[in-house]
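The values are calculated or read from the model by the stated rules, or taken from the named source; none is laboratory data. Values in this document were obtained by computation on a predicted structure and should not be read as measured data. Because the Cβ atoms are built from the backbone with ideal geometry, glycine has one as well, and the counts that use them run over all protein chains shown.
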Amino acid sequence: MMDNVIERVAAADVAGHAAAVRHAAVLEVQARAHELVTALGAAAGDGEMRTEDGDPERAWGLACLRIALAAGMDGLEDVIMLRRSGATWAQIGAAAGITRQSAHERWNARVTEVLDRYGLGEPGGPVADDSPP
């Protein structure tokens, strides 16, 4: 009986379960990033996300990227969102603990695949024009 269950478990389709775990991880990263940005940027007593440059969404996205990378996740979705919101490769690199050039080399091709899926040279939204030559 035990061997039969083990064989069935080994052959079972777990794609849906894995997707649920990834989804839960993304939601947790986002919640933790909100906590972090709120704690670091909140004005005394107001409990809201605030940043010096007035862009809490970008700060939140950078926090998401840092937390995702620290948790062993790829961070591609965060980088895509950050590039769409106008984040530079320097900002992304700083959040990832790498140089601007390294961030560009690591993610640019995959980000471009998503944002310019037809290869028209149009990234489909506001993307900072700071790609290395």
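Per-structure values
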{"quantity": "Qualifying residue in the range 23-37 (condition: surrounded by 10 or more Cβ atoms within 10 Å (Cβ to Cβ) and either in contact with a Ser or Thr (Cβ under 9 Å, 6 or more places away or on another chain) or of a type in the set (F, W, Y) (or both))", "calculated": "yes"}
{"quantity": "Qualifying position, being modelled with pLDDT of 95 or more, charged (D, E, K, R) and outside any helix (DSSP H, G or I), among D74, D13", "calculated": "D13"}
{"quantity": "Given (1) part of a helix (DSSP H, G or I); (2) at pLDDT 95 or above, number of the condition E57 does not satisfy", "calculated": "(2)"}
{"quantity": "Count of residues meeting criterion [more than 18 Å from L62 (Cα to Cα) and surrounded by 15 or more Cβ atoms within 10 Å (Cβ to Cβ)] in the range 89-115", "calculated": "3"}
{"quantity": "Selection from the range 20-44 of residues that are modelled with pLDDT under 95 and of a type in the set (G, A, S)", "calculated": "A39, G41, A42, A43, A44"}
{"quantity": "Selection within the range 77-94 - of a type in the set (V, I, T) and either assigned to a loop (DSSP other than H, G, I, E, B) or modelled with pLDDT under 95 (or both)", "calculated": "T88"}
